[in-house]
Every structure is written in structure tokens, then in C-alpha cells.
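Engineer: This is the structure, below, for whatever I ask next.
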Amino acid sequence: MKQQFRKQPGAHGPRTVLLDDEGAHWRWDDGSSDILWKNYIRWTEGDKQILLYSSPACFSMLPKRALNPAQLTELREILKQKIQQAR
């Protein structure tokens with residue numbers, strides 16, 4: 001994961017994400033991505049981040065430091081409803 005992130009300069013700047021009933025809508029300088037919930041295959045939570053996988057090797061990262069405790073709880077509930085969590 002760390003090596004993949006380091007090799008993607010476009011992934012290093014600030015990003016925003018909006019989650020709705022359709023999916024995740026990512027925005028960053030010079031780009032955007034809209035991913036429907038059905039296209040995510042799993043999500044995992046680490047100590048510092050939550051990863052949303054659209055394939056076994058491709059993921060989007062949400063740093064937990066960007067969320068307050070209530071937002072983090074709400075995010076977990078949304079992901080449980082929309083994506084199967086890796087076991």
C-alpha cells in the first residue's frame with residue numbers, strides 16, 4: 001500500500017470526497033472520480049486510514065485524522081451498508 005501510494009504523485013495533494021446513495025465522489029486539483037457503490041469490492045480500516053478497494057490492487061484512501069469521532073462512526077455505518085468489509 002505505501003509503495004503504491006508513493007509512486008502516484010497525483011495522490012499526494014488534498015482531496016475531498018462526498019458520499020451519497022450513488023457512491024463516492026472524489027475531487028482533487030486537476031481531477032475527479034465518481035465510483036458507484038457496486039464497484040467497490042471491500043473496505044478495510046487501519047490505525048490511520050480507511051481504504052476503499054475498487055479492485056484487489058486499486059484503492060482510495062481516507063485518512064482518519066480528517067474526521068471527527070462522530071464522522072468516523074457515521075462513515076463506518078455507511079460503509080457497512082454499502083460495501084462488504086474484508087474479514
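Engineer: Can you find a residue in the stretch 46-64 that is out of contact with any Gly (no Cβ under 6 Å at 6 or more places or on another chain), of a type outside the set (Val, Ile, Thr) and part of a helix (DSSP H, G or I)?
Structural biologist: Yes, the stretch 46-64 has at least one match.
Engineer: If you take the residues in the stretch 18-38 that are surrounded by 14 or more Cβ atoms within 10 Å (Cβ to Cβ), modelled with pLDDT of 95 or more and out of contact with any Asp or Glu (no Cβ under 8 Å at 6 or more places or on another chain), which one is nearest to Ser54 (Cα to Cα)?
Structural biologist: So the residue we want is Ile35.
Engineer: May I pose another question? Quick check, is Leu75 modelled with pLDDT of 95 or more, outside any loop (DSSP other than H, G, I, E, B) and surrounded by 13 or more Cβ atoms within 10 Å (Cβ to Cβ)?
Structural biologist: The answer is yes for Leu75.
The values are calculated or read from the model by the stated rules, or taken from the named source; none is laboratory data. Because the structure is a prediction, the values reported are computed rather than measured. Glycine gets a Cβ as well: all are built from the backbone with ideal geometry, and neighbour counts include every protein chain shown.
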